[in-house]
1. Going by amide H atoms built from the backbone, whose H comes under 5 Å of the H on T18, apart from near neighbours?
2. Could you go through the stretch 178-190 in sequence order and give the Karplus-derived ³J(HN,Hα) for each residue, using 6.51 cos²θ - 1.76 cosθ + 1.60 with θ = phi - 60°, rounded to whole Hz, and x for Gly and Pro?
3. On a full-extension model of 0.36 nm per residue, what is the gain between K20 and S83, subtracting their alpha-carbon distance, rounded to one decimal in nm?
4. Whole-Hz Karplus ³J(HN,Hα) for the stretch 222-236, in order, using 6.51 cos²θ - 1.76 cosθ + 1.60 and θ = phi - 60°, x for Gly and Pro?
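Since every read-out is calculated from the coordinates, none of them should be taken as a lab result. Keep in mind that what you see is a predicted model, and the values were worked out from it rather than measured.
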Amino acid sequence: MEFIRAIVKKYSREYNRTLKNGKKKKYQTEQVQITVPKEDNIFENDEIVLIIPSKYMNEIERSSDEINKWKLKNNKLNEDNDSLKSTIEKNNDTIYNIKTNIEKLNVENSSLKKKLKKYEAKTNNQEQENCIFSGKPANLDKIKILDKNKDLNRLNQENKDLKKDKENLKEKLEFLDSYIKDLKYSIKTLQHSQKKEVSILKEEYDKLKQECENLKQESKNKELALKKAKQSATYHENISKKLKEFILKSY
């Protein structure tokens, strides 16, 4: 909706008419002129426009500004809503990756457990063989046993690290699940707020629209009254003219 400010000027003219009974009656005509600044002249020739008194104009402008504010706020809420949805999608991807990593760790952990059992079995068998064939193990056997013990310790440590990583990933997954729940709750809250504000905005718009319709109807009524007044003035003018002609002919 676009508003143009203009200046209203009224011009009036008085004249006398002689009635049938010979008496003179004074009449007054009134003309309204609306002046629009050249830089604000956006109108076409013979265009019908709505003219609103300034006392209503201020209220309409305030309502229009309020509507624009609500629109901006609604757009901001939509942006926040989209941002939250995007964050949830990213977190869902992160959760998927974490679950995939956990599955890989479970596979690696299972493989390490098998290796540990295998090394433990070999070590036990080697120790039993050394005890059977010799009271004291040879230096080479000792070195092998030490190497196997080192491998066993390393595998045990790797297994512990994997378990720790797994627990850390589970904790992170739980945190992300909780964070997503909070985000979903925030989205619902925003959507509820949006619906409420959009409802208020619609009510303001309907109110403004109704005011404009009332003003249009008021303007039409004034135009109709002015038209009737002009017709009446024309009628009386014709009657007066005919009366004068009749009087002149009579003399």
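1. K25
2. So the Karplus estimates, Gly and Pro as x, are 5, 5, 5, 4, 4, 5, 5, 5, 5, 5, 4, 4, 5 Hz.
3. Values: separation 63, 0.36 × 63 = 22.68 nm, distance 8.38 nm.
Residue separation times 0.36 nm, minus the Cα-Cα distance, leaves 14.3 nm.
4. 5, 4, 5, 5, 5, 5, 5, 5, 5, 4, 5, 5, 5, 4, 5
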